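I have placed the structure first, in the form of structure tokens, so that the comments after it can refer back to it.
Please treat every number below as a calculation from the coordinates, not as lab data. Not measured: the values here are computed from a predicted model. Quick reminder, even Gly has a Cβ in these numbers, built from the backbone with ideal geometry, and neighbours come from all protein chains shown.
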Amino acid sequence: MRLTNQTQRVEALKQVPLLAGLSRANLGELAHRAEEVEVPEGAYLTRQGATGAEVYVVLEGSFVVRRGTHKTATLEKGGVFGEMSLIDGLPRSANVVAEKDCVVLAVHKKDFVQLIDSPRVSQGIMRSLAGRLREADARVLG
């Protein structure tokens, strides 16, 4: 899935719940700065313990999230990962591995930091992270 023009990138980003509050102009700026990356099956996009430099939006394919040897989640189209490390400055909390050939948009740290200056984006990220925390609690508490 190669996004050949700016309009296609904006439309793909509009489908991402984390970015739902952004204006078309904000999405356009993000789409312009994001880099489309093809990821082969089995490739690691993040490694647990590594320093984070990008946040990723899944356009096509699926990724498995692992902490150590434990699978914690599967991410598919519209999924976002890598933002926690960019927000708190701590190392990546998990390995994220392509389950099959995938395509992502990579947003580099400096662009992501500018993006989260928007209250709408910050609120969306907080909602997303709160949802993940609730899901994790539900799995643990059972």
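Net charge around Val57, counting only other residues with Cβ within less than 13 Å of its Cβ (Lys, Arg = +1; Asp, Glu = -1)? Don't jump to the answer; show the numbers that get you there.
Details: positive: Arg9, Lys14, Arg33, Lys77; negative: Glu11, Glu35, Glu36, Glu54, Glu60, Glu76, Glu83, Asp111.
Residues close to Val57 contribute a combined charge of -4.
Among the trypsin sites (Lys or Arg not before Pro) in region 59-142, those placed in a DSSP loop whose Cβ has at most 14 other Cβ atoms within 10 Å are Lys100. Centre-to-centre separation between the Cα atoms of region 97-119 and those of region 8-30: 12 Å.
Across region 118-123, rounded Karplus estimates of 3J(HN,Hα) from the backbone phi angles (6.51 cos²θ - 1.76 cosθ + 1.60, θ = phi - 60°) give 6, x, 4, 5, 4, 5 Hz, Gly and Pro being marked x. Note that region 79-87 has calculated 3J(HN,Hα) couplings of x, 10, 8, x, 6, 4, 5, 6, 6 Hz, one per residue in order, obtained from phi through the Karplus relation 6.51 cos²θ - 1.76 cosθ + 1.60 (θ = phi - 60°); glycine and proline are x. Based on the alpha carbons, how large is the Rg to Rh ratio for the chain when Rh follows Kirkwood? Checking Rg against Rh, the ratio lands at 0.95.
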